[in-house]
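Enquirer: The structure follows.
The values are calculated or read from the model by the stated rules, or taken from the named source; none is laboratory data. Source: prediction; values computed, not measured. Heads up, the Cβs are rebuilt from the backbone with ideal geometry, glycines too, and the neighbour counts pull from every protein chain shown. Ligands, DNA and RNA are excluded from the accessible area calculation, which covers all protein heavy atoms including side chains. Shrake-Rupley method; radii C 1.70, N 1.55, O 1.52, S 1.80 Å.
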Amino acid sequence: MANINNNYLNLKESYLFAKISEEKQKYIQNNKNKKLIDLSIGDVTLPLPPSAIEGIKKACQNLSKKDTFTGYPPSSGHNFLKDEIIKNDYLSRNISIDNSEIFIGDSSKSDICNMLDLFESNITVALQDPVYPVYVDSNIIKGNNIVYMTDIYNFLPPKKHIDIIYLCFPNNPTGKVISKELLKKYVDYALENNTLIFFDSAYEAFIQDKNTVHSIYEIENAKKVAIEFRSFSKTAGFTSIRLAYTIVPKDIVINNKVTLNSLFKRLKDTKYNGPSYLSEFAMYNVYKTNNFNELQENINYYLRNTKLLVNFFKSKNITTSSTVNSPYVWIKCKDNMNSWNFFYYMLDKFMILGTPGSGFGKSGEGHFRLTGFGTYEDTKEAIERMSKEL
Ligand code: PLP
């Protein structure tokens, strides 16, 4: 039988959110008459915006007629959507992106993982800690060396050579943003040290702060060193229908000979058949009909929940690093409990499901994450339950 990739055996037994889901099911089975409030996984709860639904209907009509029917999409998505992305997400911020630099796909998670196919194993990557666990797992699978940057905000880049730095802003799990000045330091570091940056801005649409960036390409020369991942999962509530895109600038040249863009295109052409036409058309219709207010309404709804939670924890003198620029609230566990003990404490005492901070890395130990993605009613009820005894 073929040998397996032994690196898989180096992964933790289960993916963080799979374990939480198991615990949730166990709790529900054993506590049938209790109402559990789930503020753990970052998944949207509001219906799709009407203009996206309208887009799906139009796409169905197109597919129902011979003249407008379309089959396999290009492996990096259709130009009709790329043109809108350029106009609305980049030109509006004076950033010039070429059509061929955009790769539309079903998910940022898969692009973030699959991008590593382009590099040899055993490279060294620097990750924020705490961090979105997908970066860790995908690098373990690949057999890469991981260096953790625990003091990212004081700009202490690792001393050894780093091949790829992952930056996630607004951050999952802490909800923090990065100042433009600090991000420039990372870009300059990458330019000087021949390092690539993976910039994940899955929560870009939640930014309220003026002194941060929506795109890493707002920083001069970032197009020479940075790849940007953007997802419609949280921006447009597309976690069910799936859609995301990745910018791979043509200016990134590896070993003075090959553009990363051409390699990623080759990868996409070989392994993927492009995103679903229905999802693409849904988002196209939102852009085309200028219905950003619908997206914003949903985002504001989640931000209101986040704000309620942040204010509540502050009022209880519970340390929270979160600003209201993301749907996440990151708190220090009560009485120095460890993350998993606090997880069970919250579950048993308040029937609230959150995410143990240690699941996001060593520095997450002693912390806990709640999301603003619940319903407003559930968020308010969660606060009422906690306010008595937390
Ligand atoms: N990046 C971060 C930081 C995330 O938190 C998530 C999802 O939770 C993703 C990427 C994944 O996005 P997608 O749904 O497009 O795979």
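Enquirer: Within straight cross-link reach of K66, meaning Cα distance under 17 Å, which lysines are found once same-chain residues fewer than 8 apart are removed?
Expert: Cα-Cα hits under 17 Å: K57, K58.
Enquirer: Please list, in chain and number order, the residues 5+ apart from H367 or on another chain whose amide H is under 5 Å from its amide H, with Hs placed from the backbone.
Expert: C333, S339, G357, S358
Enquirer: Mind giving me the nanometre distance, one decimal, between the label points for K380 and N154, set 7 Å out from Cα along Cα→Cβ?
Expert: About 4.3 nm, to one decimal.
Enquirer: Sticking with this one: Kindly rank 63-69, 351-357 from highest to lowest mean number of other beta carbons found within 10 Å of each residue.
Expert: The peptides rank, most packed first, as 351-357, 63-69.
Enquirer: Continuing with the same structure: Ranked from the most accessible area to the least, with a 1.4 Å probe and all protein chains present, what is the order of I254, I123?
Expert: I254, I123
Enquirer: With just the Cα atoms defining each centre, how far is the stretch 215-231 from the stretch 58-85? Give it in Å.
Expert: So the two Cα centres are separated by 28 Å.
Enquirer: Given the Cα-Cα distance of E389 and N300 and 0.36 nm per residue of separation, how much length would full extension add, in nm?
Expert: 29.2 nm
Enquirer: Right, another one. Using DSSP to call loops (not H, G, I, E or B), can you name the trypsin sites (Lys or Arg not before Pro) in the stretch 275-337 whose Cβ has at most 16 other Cβ atoms within 10 angstrom?
Expert: K316
Enquirer: Need one value: the accessible area of S51 in square angstrom, 1.4 angstrom probe, rounded to the nearest 10.
Expert: 10
Enquirer: Share of the chain's accessible area from carbon and sulfur, percent, 1.4 Å?
Expert: In the chain, the share of accessible area belonging to carbon and sulfur is 49 percent.
Enquirer: Then there's this: Explain nothing, just the number: relative contact order of the stretch 50-288, from Cα pairs under 8 Å at least 6 residues apart, as a whole percent.
Expert: Reported relative contact order: 28 percent.
Enquirer: Measuring from label point to label point, each 7 Å out along Cα→Cβ, what is the E218 to S179 span in nm?
Expert: Distance between the two pseudo-spin positions: 1.4 nm.
Enquirer: Just report the Cα centroid separation between the stretch 181-198 and the stretch 321-344, whole Å.
Expert: What the calculation gives is 30 Å, centre to centre.
Enquirer: Please list 3J(HN,Hα) in residue order for the stretch 246-251, calculated via the Karplus relation 6.51 cos²θ - 1.76 cosθ + 1.60 where θ = phi - 60°; whole Hz, with x for glycine and proline.
Expert: Values, residue by residue: 10, 9, 10, x, 6, 6 Hz.
Enquirer: Also, I was wondering about something else. Could you name the lysines whose alpha carbon sits less than 18 Å from that of K159, not counting residues in the same chain fewer than 8 places away?
Expert: K185
Enquirer: On a full-extension model of 0.36 nm per residue, what is the gain between K257 and T270, subtracting their alpha-carbon distance, rounded to one decimal in nm?
Expert: Full extension from K257 to T270 adds 2.5 nm.
Enquirer: What is the magnitude of the charge dipole of the stretch 50-288 about its Cα centre, with +1 placed on the Cβ of each Lys and Arg, -1 on the Cβ of each Asp and Glu, and no other charges, expressed in debye to the nearest 20?
Expert: Here the stretch 50-288 has a charge dipole of around 420 debye.
Enquirer: Here's another thing I want to ask about it. Hey, got a sec? Which trypsin sites (Lys or Arg not before Pro) in the stretch 73-178 land in a DSSP loop and have at most 12 other Cβ atoms within 10 Å?
Expert: K159, K160
Enquirer: Here's another thing I want to ask about it. When the scattering of the chain is computed by the Debye formula from its Cα atoms alone, each counted once and equally, what is log10 I(q)/I(0) at q = 0.07 Å⁻¹?
Expert: Calculated log10 I(q)/I(0) at the listed q: -0.33.
Enquirer: Enumerate the aspartates and glutamates that K268 could reach by cross-link, defined here as Cα to Cα under 13 Å, with residues fewer than 8 away along the same chain left out.
Expert: The qualifying aspartates and glutamates are E101, D106, D111, D117.
Enquirer: Choose one of N79, L196, N211: the residue whose Cα lies farthest towards the positive end of the charge dipole of the stretch 50-288 (beta-carbon charges +1 Lys, Arg; -1 Asp, Glu; about the Cα centre).
Expert: After comparing all options, I get N79.
Enquirer: Which GluC sites (Glu not before Pro) in the stretch 303-390 sit in a loop by DSSP (not H, G, I, E or B) and have at most 16 other Cβ atoms within 10 Å of their own Cβ?
Expert: Here the GluC sites (Glu not before Pro) that fit, given the DSSP loop and packing criteria, are E365.
Enquirer: For D98 and L63, what does the FRET efficiency come to when R0 = 25 Å and r is the distance between their Cβ atoms, rounded to the nearest 0.05?
Expert: Here the calculated transfer efficiency is 0.30.
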